[in-house]
1. Angle between the Cα long axis of helix 165-179 and the longest principal axis of the chain, 0 to 90 degrees, nearest 10?
2. Toward the positive end of the charge dipole of the chain, about the Cα centre and with charges on Cβ (Lys, Arg +1; Asp, Glu -1), which of PHE141, ASN163, VAL6 goes farthest?
3. What residues from the stretch 169-210 fall in the zone where the backbone N is under 19 Å from a label point 7 Å along the Cα-to-C-beta line of ALA103?
4. Just to confirm my numbers, what's the Cα centroid distance between the stretch 135-210 and the stretch 96-133 in Å?
5. Rounded to the nearest angstrom and ordered from largest down, what semi-axes does the equivalent ellipsoid of the stretch 137-189 get from its C-alpha gyration tensor (root of 5λ)?
6. Out of all DSSP beta bridges in the chain, what portion is antiparallel? Express it as a percent rounded to 5.
7. Quick one: helix 48-61 against the long Cα principal axis of the chain, what's the angle to the nearest 10°, folded into 0 to 90?
8. Considering only DSSP states other than H, G, I, E and B, which GluC sites (Glu not before Pro) in the stretch 37-93 qualify as loop sites with at most 15 other Cβ atoms within 10 Å?
Amino acid sequence: MSTISVGLAERLAHAHAEKGQHFVSAPKFGRPDAAAARKLFIVAAGAPEVIANLQTVFDTLGQRTFNVSEHAPNANLVKLSGNFLIMSVIEALGEAFALIDKAGIDRDQYLDLLVSTLFGAPVYKTYGGLIAEERYEPAGFKAALGYKDVGLALEAAQTLEVNMPLATLIAGRFLTLIESGGADLDWSAIALLAKRESGAPTVLDPDRRD
């Protein structure tokens, strides 16, 4: 259920098959609060009869299971693509908040406008709230893990010969955050980079550290 590379999932599937065993990839979407509430979304791939045998486990952990393929590594690819989309939203939100901050617009009012109109999806509500409040600790998902995942997405893209220029940009953003001492912050803290680049002080600046 971990977010691993497509290549590693391929090797695991092959190794299990050689031993006459079954392998199912079943990564999930959802932060720790969703896991505690058993509201995860599970992306499963593998032999249909094996997934059926595991359904009771998946139902205990999540609110819905998506069976995406009989080829187990495809679930890992779907998971990585989803994490890439979340990262893209975080980067866009960070830039948008930096823009309205510079004009002196209230962050909370701006977030309310976003999620009450065209951007009511959970990803905007969750990460918009974290960015508006600059609530990056404790991390629900660390920036270092975000950097790992965008790297795995780019690795898969290279194998499949798919150009992902935005993913390349985001990988650079994560690396900058990590180099600035933010590896253990929530991955939504890449929003701090846009704020810092606008000229505003952030917790990433040495003179702002506790």
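Only the coordinates and a few stated rules stand behind these numbers; no lab work does. For clarity, every value in this text was computed on a predicted model and none was experimentally measured. So basically every Cβ, Gly included, is an ideal-geometry build from the backbone, and we count neighbours across all protein chains shown.
1. 70
2. VAL6
3. The answer is 194-200.
4. The stretch 135-210 and the stretch 96-133 have Cα centres separated by 19 Å.
5. Sorted largest first and rounded, they come to 23, 10, 7 Å.
6. Expressed as a percentage, antiparallel bridges in the chain total about 40.
7. Once rounded, the angle reads 40 degrees.
8. Working: sites: GLU49, GLU70, GLU91; in loops: GLU70.
Here the sparse-neighbourhood loop sites are GLU70.
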